[in-house]
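Following: one structure in structure tokens, then a few remarks.
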Amino acid sequence: MTHHTDQARAWKLIEEIGICMLVTHDGTGDELRARPMSAHASQEDDTISFLIDIRDHKDDEVEINDNVCLTFADNSGYRYVSVTGTANVVDDRQKIDELWSTSARAFWKSKDDPNIRVLRVRPALAEFWDNPGKIVTTVKMAAAALSGSKPNLGDNRKVVL
């Protein structure tokens with residue numbers, strides 16, 4: 001598989017899975033924190049964006065240490081992506097309007113809330129595991145256990161984004 005195809009595959013998995021754990025460094029920069037977030041991926045812009053609330057201090061964490069990790073998991077489909085990159089926070093009202101969705105209303109009454117910001121991640125590296133699904137994976141694991149061989153559970157690639 002070519003590098004370009006692997007890149008496209010990683011981006012497609014990120015878009016399809018959509019929810020990830022955003023891992024940042026805490027306020028002192030020493031400890032790691034993870035929380036689930038709704039990701040908005042744009043391969044064209046080379047960014048993965050999130051709506052955040054500045055009252056939750058993600059912006060402070062990113063200012064101290066801009067290295068982040070995003071982990072996407074589709075457990076039912078046995079598909080996973082880990083992304084490392086750098087993040088920054090911007091007050092981009094046009095982008096907030098673009099990313100606004102019904103689910104955002106669970107956190108803010110309006111897209112005009114002055115506490116909303118966009119957290120932009122520029123991905124550097126991704127690693128993905130794209131498996132054929134639960135049934136096929138279960139059958140392959142059972143066959144490998146019976147035969148004593150190692151199962152081929154799909155594709156695993158590391159790719160520069």
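Stretching the chain fully between ARG157 and ARG105 yields a gain of 15.1 nm (0.36 nm per residue, less the alpha carbon separation).
Spacing of the modelled spin labels on ASN115 and ASP46, each 7 Å from Cα toward Cβ, amounts to 3.4 nm. For ALA8 and THR71, compute 0.36 nm times the residue count separating them, minus their Cα-Cα distance, and round to one decimal in nm. Answer, rounded to one decimal: 21.0 nm. Bridging of LYS95 to aspartates and glutamates at a Cα separation below 13 Å is possible for ASP45, ASP112, once same-chain residues fewer than 8 apart are set aside. As a proxy for reagent exposure, LEU70, LEU161 were ordered by neighbouring Cβ count within 10 angstrom, fewest first; the result is LEU161, LEU70. Computed 3J(HN,Hα) for segment 90-97, one whole-Hz value per residue from the Karplus formula 6.51 cos²θ - 1.76 cosθ + 1.60 where θ = phi - 60°, is 10, 9, 10, 5, 5, 5, 4, 4, glycine and proline marked x.
The numbers here are math on the coordinates, done by the rules we state, and not lab data. Keep in mind it's a predicted model, so treat the numbers as computed, not measured. Neighbour counts run over all protein chains shown; Cβ positions are idealised from the backbone, glycine included.
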